[in-house]
Each structure stands twice: as structure tokens, then as C-alpha cells.
1. Output ³J(HN,Hα) for segment 137-147: one whole-Hz value per residue in order, computed from phi by the Karplus curve 6.51 cos²θ - 1.76 cosθ + 1.60 with θ = phi - 60°, and x for Gly and Pro.
2. Can you return the aspartates and glutamates within cross-link range of Lys114? Criterion is Cα-Cα under 12 Å, with same-chain partners fewer than 8 residues away left out.
3. Per-residue ellipticity at 222 nm for the chain, helices alone: DSSP H runs ≥ 4 residues times -39500 (n - 2.57), over residue total, nearest 500 deg cm²/dmol?
4. Once Rh for the chain is found with the Kirkwood sum over Cα pairs, what is the Stokes-Einstein diffusion coefficient at 25 °C and 0.890 mPa s, in µm²/s?
5. I need the trypsin sites (Lys or Arg not before Pro) found in segment 255-292, filtered to DSSP loop residues with at most 12 other beta carbons within 10 Å of theirs.
6. For the chain, give the share of DSSP beta bridges that are antiparallel, in percent and rounded to the nearest 5; count only bridges with both residues there.
7. List the pairs from Lys37/Lys132; Lys37/Lys104; Lys104/Lys132; Lys22/Lys120 whose alpha-carbon separation is above 21 Å, in the order I gave them.
8. For Lys132 and Glu90 in one chain, what is 0.36 nm times their gap in residues minus the Cα-Cα distance, to one decimal in nm?
Amino acid sequence: MRIIIAGFGTVGQGFAEVLHNKADMLPVKVVAAFDSKSYAADSNGLDPLALVERKKRTGAVGDHGLTGGTDVMDDVDYDVLVEVSPTNIEDGGAGLRHIEHALKRGKDVITVNKGPLALKFRELSRLAEKKKALLRFEGSVGGAMPIINLCRENLKGERVRSIRGIFNGTCNFILSRMDNGLPFEQALKEAQQLGYAESDPTYDIEGIDAACKVVILANSIFRRNVTFSDVSITGITSVSAEAIALAADRGMVIRLIGEVSDKTLEVSPRLVPKGHPLSISGTLNTARILTDLAGPITVSGKGAGRIETASAILSDLMAIMDRRR
Ligand SMILES: NC(=O)c1ccc[n+]([C@@H]2O[C@H](COP(=O)([O-])OP(=O)(O)OC[C@H]3O[C@@H](n4cnc5c(N)ncnc54)[C@H](OP(=O)(O)O)[C@@H]3O)[C@@H](O)[C@H]2O)c1
């Protein structure tokens, strides 16, 4: 199986390392990899670890200047595109162009890039179906926490009634620190110092990241036809120290909860009783899936991280290998 890796930052490099570490169980070749400015390509297969080392040393994954990712995709024969370029929630950005380009040519796609899925889920799914290509995106919601394939494959016979969850580890870290008496600004600063929050934290603290995930769950598990603008979003910037203290007096914590069902599509700070599965502290993601037969199922896992997110990509890759065998 021949792979192109589009985007070679945190996740792209983590995935390359996983391919190296698991080479004995994976009959795959990386035939090209590209970042924002350069690319490397070899139809005989590139050494994934050498790509990582080169990227770390020089800042570029390859020797060749990049004119456009789709040019590389046209020049190299491949089977699967692993799309891990930055999320763009305005218009889907380069990630959307790469995914559409691959699907139009009947190539299978694995992505953890939320922008294209949150904006164009229905179109991309239809395109994949029409071209008999596979589109998989486990790591786009909750990183290493299994949820999409769990609901679509393991819980296939169930009717999922609702999913409520903590889908943004940065917000959860900030709210957990506020439980300990830290004001919002100080908790945010700590999250930034620890590398959990970006220097511009808007995407996380305004609930945008969690909303993208809620949209992906709504479309992929509830078969709804919704997009990012359909989500009712309230972030955590208005959660005051007083509100946290009042909640604590009543045996509650405040958590940023994403909820999706046939009718609901919402991200907002909510009161959660202490001890409830969604009252967790720290950076973990957690989801409570309510099904008709099995009842409530709770999953939890690392929502981000280079190797953790690569683990979700690997599971999608192995599923594609099984299907294509
Ligand atoms: N980090 C996580 O734990 C995590 C978890 C779940 C999902 N995700 C998603 O995974 C994706 C990648 O995240 P990341 O943390 O790896 O981001 P990152 O470290 O910023 O890496 C992004 C990579 O994409 C490259 N890139 C930028 N514009 C490009 C373009 N037009 N064409 C091709 N490549 C381009 C960048 O190139 P340069 O290196 O040249 O700048 C960089 O190599 C994002 O969509 C993110 O939302 C990340």
C-alpha cells in the first residue's frame, strides 16, 4: 500500500515514526510527503524516520520546492492520502483541496483535519461513495479516544440516541484549574506555558474546536446533514470564578460539553455533578454515548498528541488494508 503524507508537522511526523516502529506489521510504503514549502517523493518508498530527521534538522521534509500539494499527488502513484495539514474552518483550506483531489481520483483518504469535515462532510462522503473510495477520520474527534469507528462499526446494530462529551482538552484543563481557585486568565496562561493552548487560544476557548467535532459526530454517526454554522456555540471565556465557586457549593463543576443527538447540536459550559463521568479534570477527552440496547457507554482518552493521534490514523489505515485485501 502506497501512502502520501500531506502535512509534516506534529501529527505527520508522529505518524511517520509510528510507521517506522511498526514496519514489521505494515506492508506500506511512503511514496511522498509534503509540508507547506517542500516535498520528498520516491516510488520505491521513503524512509519515514529519515523524513522526520530531515524535517527536524532543516525545517523542510524534502529537497524539492512545493508548487502545490495536488501537483505532488498528480505526479506520484499512491493508494492512500493521509491528510494532516492545518485545520482551516473558514473555507477548508489546502486540506479540503487535497482530500477532494484524492477522492475524485478514487484514492482512499485518512484525515484528522477537522476543517474539511466540519464544512463539507456530506459532499466529501458522497464523492467518496461515487468513486468507491474510503474516507476515514477517527482521529478528527478526540485524537486517540475511540469514538467514530466505535459507533459506526462496533456499535453498528445500536441506535445511538445522544453523545455528550468533553471534546477539547485545553478548555477542560483551564476549567479544572479554575476549580482549584485560579482565575481564568491565569489558568489560560498556565495552559499556554504547558503547551496545551496556542498563543492565540481563540479556536479552543471560544468552543470552535469542540463545535467542529460535534458537527463531525452529527454527520457521521447521526447521519445528519449539518455544518459548522449550525452549531449553537458558547465558549468558556464568560465562565467566572464566582460561577465556579457557586457550582462547587452545590457539588458541581462546570465543563465545556458538546452535545449531539437527532435534534441537538450544541457546545456550551454546563453544570456537571462531581463524580459524573463528564466531571473529569485535566486534558483528557471523554464522551458518554447513549445507545438503545447497550445503554450508556463512556470512553475516554488523550485528545491530542503526536503519537496518540497517529494511533487513530494507524487504526484507519489498518481498516483500509483489511477492506482492500
Ligand atoms: N496535534 C494534535 O494532537 C492533533 C490532534 C487531532 C487532530 N489534529 C489535526 O491534525 C492536523 C495537523 O495538526 P498538527 O498539530 O500536526 O499541525 P502542525 O504541527 O501545525 O503541522 C501542520 C503541517 O502542515 C503543513 N502545511 C501547512 N500548510 C500546508 C499546505 N498548504 N500544504 C501542505 N502542508 C501544509 C505544515 O508545513 P510547515 O511544516 O512547512 O509549516 C506542517 O508541516 C490539523 O488539522 C489538526 O487540527 C491535530
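Any read-out appearing in this document is the output of simple, stated calculations on the displayed coordinates, not a laboratory observation. For clarity, every value in this text was computed on a predicted model and none was experimentally measured. Backbone-built Cβ (ideal geometry, glycine too); neighbour counts: all protein chains shown.
1. 3J(HN,Hα) across segment 137-147, in whole Hz: 7, 3, x, 6, 10, x, x, 7, 6, x, 8.
2. Glu83, Glu90, Asp91, Glu138, Asp209
3. Values: 11 runs with 126 residues, N = 325.
Value at 222 nm, helices only: -12000 deg cm²/dmol.
4. Roughly 121 µm²/s, to the nearest whole number.
5. Lys263, Lys274
6. Details: 33 of 50 bridges.
If I count the DSSP bridges inside the chain, around 65 percent turn out antiparallel.
7. Table pairs above 21 Å Cα-Cα are Lys37/Lys132; Lys37/Lys104; Lys22/Lys120.
8. Between Lys132 and Glu90, full extension yields an extra 12.3 nm.
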